[in-house]
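Worksheet: the structure to be examined is printed underneath.
The values are calculated or read from the model by the stated rules, or taken from the named source; none is laboratory data. Worth saying up front: this structure is predicted, and the values here are computed from it rather than measured. Cβ placement follows ideal geometry from the backbone for every residue including glycine, while neighbour counts extend to all protein chains displayed. Only protein heavy atoms, including side chains, enter the accessible area calculation; ligands, DNA and RNA are left aside. Shrake-Rupley method; radii C 1.70, N 1.55, O 1.52, S 1.80 Å.
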Amino acid sequence: MTAPPEVKLPEPARLKPPDVVALGAHGMRTRPVRAVLSALGIAIGVAAMVAVLAIPASGAQALHDRLAALGPNLLTAGPGQTLFGDNATLPDDAVAMARRIGPVKAAAGTGTTSASVRRSDKIAADDTSGLAVYAARPDLLGVLGGKVRAGAFLAAGNQDYPVTVLGSQAAARLGIDHIDPARPPQVLIGTQWFTVVGILAPMPLAPEVERSALVGWDVAKRLLGFDGHPSTVYVRAEESGVDAVRSVLAATLNPQAPNEVQVRRPSDALAAQKLTDTTYSALFLGLGGVALLVGGVGVANTMVISVLERRREIGLRRALGATKRQVRGQFLAESVLLSGLGGLAGVLAGVLVTAGYALSQGWPAVLPEGALAGGVGIAALVGAVAGAYPAVRAARLAPTRALA
């Protein structure tokens, strides 16, 4: 007696990737409100991470551009204290001595006066608004690499006349935003009215100049009691010789007491400020990671609930021949799509936040490619991890139990 021939069952059809994606998207379309709310947590986390990475990058680029424009080869020197704790002074010829250093291309100085600047004589003399009055010469603007926003700078012909140039912050605090050549504004410096002939543009490497009124060297001696000693010497050196100039500048300005001269490099302060900003960036990056984790938990919770609510759908598909692998792939694809769309929305939100903030600060908007691609990739990975358990649970559900 011969054995009956073996009956080969047809192999289950394999779902193509587009079919898996379509099945995953079907579950999202049936519950759009829940899908949006679940993806919102992912979007917030990704947006925070993209913004935290992109905004410091924009600030760093702005700092780089600013230093490149102003030049990191600017040094400043000022008097410190004597051995007995008294305030030191720089020699009268300190600026001329600085120009004798080989790599120095230009040097200029300012001198501190005891006068205050006021918009009106109705304002008390001790109300300085945080502004200072400095004596200066016409070569100061070129050494600082500054620009005049309105009017003109001090000239050789008006060094002994009561005219002044305001720094950008000084002009703002005094309420002067433009200069009418026919009727130029006037300010009260000490007890003498001075005509404002110019307003400077911002100068980040010389914030003390931004908060000051500059007057001619000679008129400061004649009307403001200026003693002629420079209080700050600005030195512009060749970039290759900045360190060498810095090492000899104190001894050159005051050979008898070089320890009484303080030498600084303003660009170092800007770089240190940027380093401080990166510390806060790391903190916000951690907060963005926490938000992303919370969003992943929300996606996992949504998928578990979805499995419980769609038991009949799962049972019907299994009864019609769907394999465990296909059911698992359907729910895993839905979770990845949900998180991926949330990540994409988060990347777009992060780009908008970065662009808006950079525009408000006058920075170039820098969007790191790694942050943009990584935002969507991390969101999809979170979705895969969050949907793994619900997908396995759906695949293990027996058809008879699901249809009961």
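Residue count for the stretch 306-344 satisfying the condition of being of a type in the set (Val, Ile, Thr), within 29 Å of residue 292 (Cβ to Cβ) and open to solvent by 10 Å² or more (accessible area, probe 1.4 Å): 1. In a residue-by-residue description of the stretch 179-194, the property of being over 14 Å from residue 213 (Cα atoms), of a type in the set (S, T, N, Q) and not in a loop (DSSP other than H, G, I, E, B) applies to no position. Condition check for residue 203 on (1) surrounded by 14 or more Cβ atoms within 10 Å (Cβ to Cβ); (2) within 33 Å of the chain's Cα centre (by Cα); (3) free of Cβ contacts under 8 Å to residues at least 60 places away in the same chain: one failure, at (3).
Can you spot a residue in the stretch 276-289 that is open to solvent by 50 Å² or more (accessible area, probe 1.4 Å), more than 20 Å from residue 39 (Cα to Cα), at pLDDT 75 or above and charged (D, E, K, R)? There is no residue in the stretch 276-289 that is open to solvent by 50 Å² or more (accessible area, probe 1.4 Å), more than 20 Å from residue 39 (Cα to Cα), at pLDDT 75 or above and charged (D, E, K, R).
Output the residues belonging to the stretch 129-160 that are in a loop (DSSP other than H, G, I, E, B), out of contact with any Leu (no Cβ under 9 Å at 6 or more places or on another chain) and surrounded by fewer than 16 Cβ atoms within 10 Å (Cβ to Cβ). Within the stretch 129-160, 130, 152, 155, 160 meet the criteria.
From the list 354, 323, the lone residue that is in contact with a Pro (Cβ under 8 Å, 6 or more places away or on another chain) and not aliphatic (A, V, I, L, M) is 323. Taking the stretch 161-178 as the range and being under 19 Å from residue 120 (Cβ atoms), part of a loop (DSSP other than H, G, I, E, B) and open to solvent by less than 20 Å² (accessible area, probe 1.4 Å) as the test, only 176 passes. Is it true that residue 196 is within 27 Å of residue 362 (Cβ to Cβ) and open to solvent by less than 30 Å² (accessible area, probe 1.4 Å)? The answer is yes for residue 196. Each residue in the stretch 195-249 was checked for being among the small types (Gly, Ala, Ser), part of a loop (DSSP other than H, G, I, E, B) and within 20 Å of residue 119 (Cβ to Cβ), and 0 pass.
For the stretch 103-127, taking the residues that are open to solvent by 70 Å² or more (accessible area, probe 1.4 Å) and outside any strand (DSSP E or B), the one that is farthest from residue 176 (Cα to Cα) is identified as 114. Contact annotation: residue pairs with Cβ atoms under 7 Å, 6 or more positions apart or on different chains, pairing a residue in the stretch 230-254 that is open to solvent by 10 Å² or more (accessible area, probe 1.4 Å) with a partner that is assigned to a helix (DSSP H, G or I) and of a type in the set (D, E, K, R), are 254/260.
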